Amino acid sequence: MDIETDMYPHVTEIISPYVDTRWFLPEHKERGRLIHNVCNIYFETKWIPPYEEKFQFYIDSYIRWFEIFTPEKIAGETEMYDHELKFKGIPDFVGKIKGSDEIGIIDWKTSQQTYKHWILQLAAYKHLVEHTLKLKIKWIATLRLKKDGSNALFNDWSDREYKATTLFLNALELYKYFNPEPKK
């Protein structure tokens with residue numbers, strides 16, 4: 001990590017003024033972080049590391065999805081940068097899933113409902129992946145892991161991506177306006 005990219009705002013920081021955080025408790029963030037880590041380790045090794053029992057059903061939901069859709073990862077959980085626009089982000093999954101020969105992006109979610117800002121996050125990740133890896137992304141989606149262990153819900157947001165990209169880039173410009181770069 002270098003000092004320049006360390007100063008870039010993260011996608012979630014850029015869109016944070018537009019997220020209603022009244023319902024997001026610290027334990028929700030911790031749950032998301034832990035489950036992301038377990039899912040990523042399982043994806044890479046097919047081994048499940050120890051974790052708190054209260055997260056069992058989310059992990060079951062992920063494994064059930066994984067076994068059905070046999071995802072093929074190209075990238076994920078790697079920080080990506082756009083040095084021209086000066087922002088960064090970490091997509092959860094870039095790759096293919098069973099039933100599609102096209103490359104897409106999936107963001108794992110532990111929330112049981114959807115939120116408007118997710119599409120902005122996905123559009124930003126699409127931009128970063130296409131810019132960084134020079135891949136053509138054909139679809140963007142969230143995978144909502146179920147707290148009861150049932151089948152995860154796959155939400156394809158591709159039909160809203162064009163407008164969301166414009167909205168994210170506008171949010172980035174507003175972020176830069178209110179958070180100017182330090183003078184060199």
Selection from the range 73-84 of residues surrounded by 16 or more Cβ atoms within 10 Å (Cβ to Cβ) and closer than 28 Å to L174 by Cα yields G76, E77, M80, Y81, D82
Filtered residue count, the range 97-125, keeping only those that are not small (G, A, S) and not in a loop (DSSP other than H, G, I, E, B):
12
Of the residues in the range 126-154 that are in contact (Cβ under 8 Å) with a residue 24 or more places away in the chain, in a loop (DSSP other than H, G, I, E, B) and charged (D, E, K, R), the one that is farthest from E79 (Cα to Cα) is D148
Within the range 155-168, residues being part of a helix (DSSP H, G or I), touching a residue at least 40 places away in the same chain (Cβ under 8 Å) and of a type outside the set (S, T, Y) number 5
Having 1 or more residues that are in contact with a helix residue (DSSP H, G or I) (Cβ under 9 Å, 6 or more places away or on another chain) and among the β-branched types (V, I, T) is the bar; report the strands (runs of 3 or more DSSP E) wholly within the range 17-92 that clear it.
72-75
Just to check your reading of the model, which residue among Y58, Y62 is buried (at least 16 other Cβ atoms within 10 Å of the Cβ), in contact with a Cys (Cβ under 6 Å, 6 or more places away or on another chain) and over 30 Å from E4 (Cα atoms)?
Y62
State whether the residues of the range 5-15 include one that is without any contact (Cβ under 8 Å) to a residue 40 or more places away in the chain and surrounded by fewer than 15 Cβ atoms within 10 Å (Cβ to Cβ).
yes
Please indicate, with yes or no, whether at least one residue in the range 164-173 is within 21 Å of S100 (Cβ to Cβ) and either exposed (fewer than 13 other Cβ atoms within 10 Å of the Cβ) or of a type in the set (A, V, I, L, M, F, W, C) (or both).
yes
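Laboratory data are not the source of any read-out in this text; all were calculated from the coordinates shown. The shown structure was predicted, so the numbers you read here are calculated from the model rather than taken from an experiment. As a convention, Cβ positions derive from the backbone with ideal geometry for all residues, glycine included, and neighbour counts pool all protein chains shown.
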